[in-house]
Structure formats: structure tokens, C-alpha cells
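Please read the structure below before turning to the comments.
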Amino acid sequence: MRIGVLSDLHCELEPAGSRWINVFEPEHLDERTDAALEWFSEAQVDLILLLGDGVQVANPSDLDYLFARLAAAEVAPLATVNGNHDLRLGEEFAECAAKHGIRLLYEEQLELAGVVVTGIAVDRGPAPPQYVGQPGGWGGEADLVVVASHFPVLSEASRVAAAGLPYAGDLVNRADLEGQLRSDPRPKVVLCGHIHARCSTSAGPLLQLMVGAMIEPPFDATIIEIDAT
């Protein structure tokens, strides 16, 4: 089973000079997205996962443009979770996903090749700019679970800070969420973004693969290959 993964595209049709670790390059996002989709097509991925922050600002036209381009490529089924930037769109995020046939994994999990694929929704925390994660469940008979999340479930704050990079923060209920995932003994692959850095770590039954952003160097697109045996 192959999963193509894109995170943190931060689509902005009217660029305002945004940045995080590096200056964003929205003027090149289309060509880089097309290159990623071509790679995914050549690799014959079974699913494309979008790990949130599809947009930079609360402009529904930006999200509609992004989702339309991804869906029009018809490379593989598309599924997504939301990111903290996507929260600015409110219900329009879910409506736009439905319009373009993109599954919200925290509302509707799927099962592929003996693997359950589910998601974690981002919601606002008790005080801005705090965020909480709401798991969508991980039922089914499969022995392996893939969890799509915008935020990391296992914190990488110390390691990223040690590398001299800014850290975009964890969910305020991160520890509780980790506990919930670890309470089910089945192995779980957590795929996340948000930090705009490439890291991997593990704890108990959790293997977390954090992918870099598409909008800034190194302009990451990722293929995860899973052998469920």
C-alpha cells in the first residue's frame, strides 16, 4: 500500500510575503504540486493524504482553487484533515472538501489493503492560540492503523529547538491524545505536518512520521509505503 502525503501547502492566491522557517513561495506552489502529483501517479499510490493548512488566510477561494486542482488530477482518492489555518474558514472547509469529493478522515475513516486510515480534527482550545485534537476513532478489524493528523501526537519540541528552528507548538491535549492512541495495542503510524520539519520518532505502539511543508524549502512531498504483514 502506498500513500502520497502533502502537508502545509498554505495556498495564497494573493501572496502577502508570509514565512515560517523560510519565506513561503506561493508563486511556485502550482508547479511543485503538479510535480508531486506526477510522482504519485508514477508510483501508483493508493491514496493521497492532505495533512492540513491547505490555506494561509481565511479566503474560501484559495481552498476551492487548491482542492479543485488536486481533485482534477484524478491520481488517487483524496482524504484530508484540517489544520489550524484551515480553522479560519469554519464550516467552509468541510463544505469545500465535500464539493470536490475529498474525504474528511475524522468524520469517515477508510480501510485499504487491510489498514484502517483515520484522522484527528483540529479545534480551538480554551484560549487562543491554543488548539485541541479530536480523534475520529479507529475501529475496524485491521491489525494496523494509520492516523492522519496536522499536529504531532508525539512532541518534537526539544529536538526541533535543539536544531535552532522555531517550533509551531503542540495540541493542548497532546498527552491525553497520545494516551488514547497507546491504549489500543495495535501498531499505529501517525502521519503529521504543522512543524514544517522532517522528523520521525516512536513510543510504544506509535511510529510518528512528520513531513515537511510544500510551501517552503525543502518543498516536501512524501510517499509512505506500508506492508501490513
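Using the scaling law 2.2 N^0.38 Å as the reference, what is the normalised Cα Rg of the chain?
It is 0.94.
Among DSSP beta bridges lying fully in the chain, give the percent that are antiparallel, nearest 5.
Of all bridge pairs located within the chain, approximately 40 percent are antiparallel.
P(r) tail for the range 1-71, what percent of Cα pairs lie past 15 Å?
54 percent
Report the dimensions of the range 51-95 along its three principal axes from the alpha-carbon atoms, largest first, rounded to Å.
Extents along the principal axes, in whole Å: 28, 18, 17.
Once amide H atoms are built 1.01 Å from N in the peptide plane, which residues 5 or more positions from THR222, or in another chain, come under 5 Å H to H?
Excluding prolines and chain starts, which carry no amide H, the hits are VAL5.
Please report Rg over Rh for the range 52-174, where both radii come from the alpha carbon positions and Rh follows the Kirkwood definition.
0.99
Taking the Cα centre of the range 60-141 as origin, sum charge times position over the Cβ atoms of Lys and Arg (+1) and Asp and Glu (-1), and report the length of that vector in debye to the nearest 20.
The dipole magnitude comes to about 200 debye.
With a 1.4 Å probe and all protein chains left in place, how much accessible area per residue does the chain have, in Å²?
Result: 43 Å² per residue.
Going by Cα centres, the range 54-92 and the range 1-33 are how many Å apart?
Taking the Cα centre of the range 1-33 as reference, the centre of the range 54-92 is 12 Å away.
Return, for the Cα atoms of the range 108-190, the radius of gyration and Dmax in Å, separated by a comma.
Gyration radius and largest Cα-Cα distance of the range 108-190: 14.1, 43 Å.
So what are the ³J(HN,Hα) numbers for the range 182-195, from phi and the Karplus equation (6.51, -1.76, 1.60; θ = phi - 60°), rounded to whole Hz, Gly and Pro as x?
6, 5, 8, x, 4, x, 9, 9, 8, 10, 9, x, 6, 7
Just in the range 31-122: which GluC sites (Glu not before Pro) are loop by DSSP and have at most 12 other Cβ atoms within 10 Å?
Taking the range 31-122 and a limit of 12 other Cβ atoms within 10 Å, the loop GluC sites (Glu not before Pro) found are GLU74, GLU91, GLU108.
Amide H of SER202: which non-local residues (sequence gap of 5 or more, or other chain) have their own amide H closer than 5 Å, using H built in the peptide plane?
Answer set, sorted by chain and number: GLN208.
5 Å is the cut-off here: which amide hydrogens, built 1.01 Å from N in the peptide plane, fall below it relative to LEU112, excluding neighbours closer than 5 in sequence?
The answer is VAL117.
Accessible surface of VAL57 in the full protein assembly, 1.4 angstrom probe, to the nearest 10 Å²?
Approximately 60 Å² of VAL57 is accessible to the 1.4 Å probe.
Applying the Karplus parametrisation 6.51 cos²θ - 1.76 cosθ + 1.60 with θ = phi - 60° to the phi angles of the range 212-223, what ³J(HN,Hα) value in whole Hz is obtained for each residue in order, glycine and proline being reported as x?
Result, ordered by residue: x, 8, 7, 8, 9, x, x, 6, 6, 10, 9, 10 Hz.
GNM, the chain, Cα, under 10 Å: largest mean-square fluctuation among SER61, SER158, SER41?
Greatest mean-square fluctuation among the candidates belongs to SER158.
Please go through the range 113-213 and write out the GluC sites (Glu not before Pro) that DSSP classes as loop and that have at most 16 other C-beta atoms within 10 Å.
Sparse-neighbourhood loop GluC sites (Glu not before Pro): GLU141.
Would you kindly derive the ³J(HN,Hα) couplings of the range 142-154 from the backbone phi angles with the Karplus curve 6.51 cos²θ - 1.76 cosθ + 1.60 (θ = phi - 60°), listing them in order in whole Hz, with x for Gly and Pro?
Values per residue, Gly and Pro as x: 5, 8, 9, 10, 9, 10, 8, 8, 6, 7, x, 8, 9 Hz.
Based on DSSP H runs of at least 4 residues, each adding -39500 (n - 2.57), what is the mean residue ellipticity at 222 nm of the chain after dividing by all its residues, to the nearest 500 deg cm²/dmol?
It comes out at -7000 deg cm²/dmol, rounded to the nearest 500.
The values are calculated or read from the model by the stated rules, or taken from the named source; none is laboratory data. These numbers come from a predicted model, not from an experiment. Because the Cβ atoms are built from the backbone with ideal geometry, glycine has one as well, and the counts that use them run over all protein chains shown. For the accessible areas, the whole protein counts, side chains as well, though only heavy atoms, and no ligand, DNA or RNA atoms are used. Shrake-Rupley method; radii C 1.70, N 1.55, O 1.52, S 1.80 Å.
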